[in-house]
1. Given only helices, namely DSSP H runs of n ≥ 4 each adding -39500 (n - 2.57), what is the per-residue ellipticity at 222 nm of the chain, to the nearest 500 deg cm²/dmol?
2. Skip the ligands, DNA and RNA, and give the accessible area per residue of the chain with a 1.4 Å probe, whole Å².
3. Could you tally the net charge around Ile453, taking each other residue with its Cβ under 11 Å from the Cβ of Ile453, Lys/Arg +1 and Asp/Glu -1?
4. With both partners inside the chain, how many of the DSSP beta bridges are antiparallel, as a percent to the nearest 5?
5. How big is the gap, in Å, between the Cα center of segment 131-145 and the Cα center of segment 268-304?
6. Hey, got the Cα dimensions of segment 305-443 along the principal axes, in Å, largest first?
7. Taking Cβ-Cβ under 4.7 Å as the only way to count a partner, pick out the unpartnered cysteines of the chain.
8. Can you list the aspartates and glutamates whose alpha carbon sits under 17 Å from that of Lys76, skipping same-chain ones fewer than 8 residues off?
Amino acid sequence: MPLTARSRRKRSTRIVVTLLSGLLPIVLGSAILYMQAERTLEQSAAQTAEQALRQFELMLDNTAEAARILLPLAGKDCEEVKLALREQVTRRPFVRSTNLVWENNLYCSSLFGQFKEAVNAGDYHEGKLWLMNGNPVTPDTALLIYRLSDGPGGALTTLDGYHLSNILRLIGRQTLLMLQVGDNWLTADGQVHQGPLPALPVAHSVLESARYGFSVSAGYHEGETWRYMAAEYPPLFSLLIFFGAVSGAIGHFVQKRSTSPSHEMLRALEAGEFIAYFQPVVHADTKRWSGAEVLMRWNHPKEGLVRPDLFIPFAEHSGLIVPMTRSLMQQTAVLLGPQTATFDKPFHIGINITASHCQDLELVEDCRDLLAAFEPGSVELVLELTERELIEPNDITLQLFEQLHALGVKIAIDDFGTGHSSLGYLRTFNVDFLKIDQSFVAMIGIDALSRHILDSIIELSAKLDLGIVAEGVETQAQADYLTKHNVKFLQGYLYGKPMPAADFIDTLSQH
Ligand code: C2E
Ligand code: CA
Ligand code: CA
């Protein structure tokens, strides 16, 4: 159906809307997946940090236990206690060395026995833990020293950094993990760094130990969220693309459907698709062409030539019938104006007008313009008003018909016999012609009642001194009957179908 097939909206706008409706689910879906990936990474970082924290606490428990056992030995002679020191190193898996302190001096070590080195409590975070890069014995191996003191005596137990970085590596895997003690922090490569902890760009989570003075940091490198999505979500992305395609198709379809008939017709009007066809009307006696009825056709780019009864009702409804009729009158002026010489004068030009059009005084101007295209007196313009829609007499319509009359425009009642016009109606609007509806003509020789009505119409028109035109004359018998009964004008396929202007002008010049 031509009225739903095309949009007036620009093609580019339609493409943009289609693309947007296709992209919307993809963009929204991707945003949701991104947030989901961020949450998953945050949970995973928090869990990893938690596990590492538990492990470190277990190791420190073990190390602290050794210090607790050794503390009562502080102050005793080193030779006496060094075996006890070594026993703790041997027994405990993470303890690398044990040492005793007396009055801020490390005086006995599991490694060297008797020893002498100053101990500064300020080196230890909260006086308890010191994360260092190594000691003179193993300069490049990180160490975590646990300090327990009681008065002048103290015990230092050291935890091998190798075990610590192992935990960071094994538990961390995809996650960046760091162990922080005071200002120092250890990374999975076993290096101890100083200064503030670097902020991890994605899903940074920090957990502090409730029992020891350290914290664990977990997080991910820049861009990890996208990498995670690319690795984990390909099936979901395929689904999003599928939804995007479906939504784009729906967007496209809805746009096509939402095109209203009036939009489509306005487009057609601007594109000049409504064109004039002409059907001859002949003198019943001589069969010479007395004029023509102008009939509208829609030359649709896809549907081809469309019949007026399929689109005129839409045009009336939307008010477009007024500019469409104006366009038809302008075409008639341009096409037939130059043919004046070939006319039997006065040549009748019939234009169909809807009742709604009669509420518009501009119709007078349109008629004036049409008449101006012909030599004065060479044509008689006839406005055909269908009897099925009667015109309400009011200030505007009465004024309109008065002005039309003054201009010399004639009025015909179309499809006469199918409606309810009264004698008063015919007088009010100064009617000049009756066009007998083709249904009565078709019944000539077939149906007695129809013929009876036909006879009455002919009789009435003679009494009222109205011109009479018979429509739909298809057979010679119909023509003969009508002529014998004094019908002056005949129109129908017998004399010519509605035709394009070029054919009409061609045939007219041969007459
Ligand atoms: P209408 O005003 O009664 O026009 C006569 C219709 O009868 C035309 O149909 C014409 O092709 C058809 N016709 C003519 N001779 C014969 C015949 O011998 N046999 C048969 N079977 N039909 C014949 P068309 O052109 O399809 O127009 C249909 C209706 O659409 C018109 O009826 C008129 O009411 C309306 N229409 C056409 N053009 C316009 C227009 O420009 N403005 C308005 N408002 N209505 C129009
Ligand atoms: Ca007509
Ligand atoms: Ca008619």
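1. Numbers: 16 runs with 227 residues, N = 511.
Here the helix-only value at 222 nm equals -14500 deg cm²/dmol.
2. 50
3. Details: positive: Arg451; negative: Asp437, Asp447, Asp455, Glu459.
Once all neighbours under 11 Å are counted, the net charge is -3.
4. Counting DSSP beta bridges with both partners in the chain, the antiparallel share is about 70 percent.
5. 105
6. Sorted largest first, the three principal extents are 39, 37, 35 Å.
7. Here Cys358, Cys367 come out as lacking a disulfide-compatible partner, given the Cβ-Cβ threshold of under 4.7 Å.
8. By straight Cα distance, Lys76 reaches Glu87, Glu103, Glu117, Asp150.
The values are calculated or read from the model by the stated rules, or taken from the named source; none is laboratory data. Quick caveat: nothing in here was measured; it's all calculated off a predicted structure. Note that we place each Cβ from the backbone using ideal geometry, even for glycine, and neighbour counts take in every protein chain shown. What goes into the accessible areas is simple: the full protein's heavy atoms, side chains included, and nothing from ligands, DNA or RNA. Shrake-Rupley method; radii C 1.70, N 1.55, O 1.52, S 1.80 Å.
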